[in-house]
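Everything below concerns the one structure shown next.
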Amino acid sequence: KQDSLMTKPAKKQSLGRGISAIFGNSPEATISSINDKNADKIVGNIIELELDLIETNPFQPRTSFNEEELQGLASSIEELGVVQPITVRKLEEGNKYQLISGERRFRASKLAGLKTIPAYIRIADDNDSLTMALVENIQRQDLDPIEIALSYQQLIEQVNLTQDQMSKRVGKKRSTITNYLRLLKLAPIVQTGIRDGFISMGHGRAIIPIENPEQQAEVYERIIADNLSVRDTEELVRRIQNPETTEVASVSLPKNSSKAEVPSYIKEHISTFNHFFGTKVAVKMSKDGKGSLTIPFNSEEDFKRIQRLLDKRDE
């Protein structure tokens, strides 16, 4: 019958076997060293690992996870399964494992109600675990510039890697690493602005030549208030550092700037837009009083998040 053809999709094949399928109930499953008996059966292989046996990595550089994005990933996992295995290390005591990379997949799999997750098994000490976690995140995750800078700093301070060694580990030029690390010289309010997307890494780099944190904060506030570009910010900083080139005491943008002053009615309420959309809404004004608002997004998933926010307002 035709109805008989309408069957449920076949259960997706697991990427690896479970611990019990490999060892049964044998105590030999307790492995803490690459030299232990039967270590080769799991170390370096992908196995289906029970989520309850996995604990999160204290060295995870990402400190916050977008719940809406996690829920979206959980829905994808319910539909397609976990496509890419996580990486874990075998802990010395008991039959426990610790995440090295893949915490978003781990969290989303729990939300999806999975009991196991495909995992790539490593044996690593704390330094190796920290290094792998940081390198994995720098290379694969959408960390903001300050999180990346902090990750580089951890590799320097806790693993004693030089910038040359880091360059080889993460596949980045040494100058790129240096530029990220320099962001940590910025005042806390400026770093927060970069993390929250109110200003770009380019803005932050333009502010760095100013050593006084209070002046950095003033420039940051000027960028937000007047919607300054990176080039405008560089010019502003140059005038602050060389006041003798400015005829007036207060620092101003070049006279040929095509940007108009953002009026107070926008300055007073733009934070409402930023809070609603979860990102910095850019304001552009012309001298005839007309203007535009630009809502930035980082990916298709982020665009759909904004779309859902607008859809909810129409309900």
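The values are calculated or read from the model by the stated rules, or taken from the named source; none is laboratory data. Predicted model, so just to flag it, every value in this text is computed and none were measured. When we count neighbours, we look across all protein chains shown, and the Cβ atoms used for this are built from the backbone with ideal geometry, even at glycine. Side chains included, ligands, DNA and RNA excluded: accessible areas come from the protein's heavy atoms. Shrake-Rupley method; radii C 1.70, N 1.55, O 1.52, S 1.80 Å.
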If R₀ is 35 angstrom, what is the calculated FRET efficiency for the pair A225 and L184, using the beta carbon separation as r and rounding to 0.05? 0.90
Order of 288-297, 211-220 by packing, highest average Cβ count within 10 Å first? 211-220, 288-297
In nanometres, what is the gap between the two model label sites at S76 and Q165, each 7 Å from Cα along Cα-to-Cβ? 3.4
Of K284/K304; K172/K280; K115/K172; K90/K185; K90/K168; K173/K304, which sit over 32 Å apart, Cα to Cα? K115/K172; K90/K185; K173/K304
If each residue of separation counts as 0.36 nm, what is the full-extension length gain between R174 and F297 once their alpha-carbon separation is subtracted? 41.4 nm
Cβ-defined net charge surrounding L183, 13 Å radius [Lys, Arg +1; Asp, Glu -1]: +2
Given a Förster radius of 22 Å and the C-beta distance between K115 and E67 as r, what FRET efficiency does 1/(1 + (r/R0)^6) yield to the nearest 0.05? 0.50
Skip the ligands, DNA and RNA, and give the accessible area per residue of region 160-243 with a 1.4 Å probe, whole Å². 54
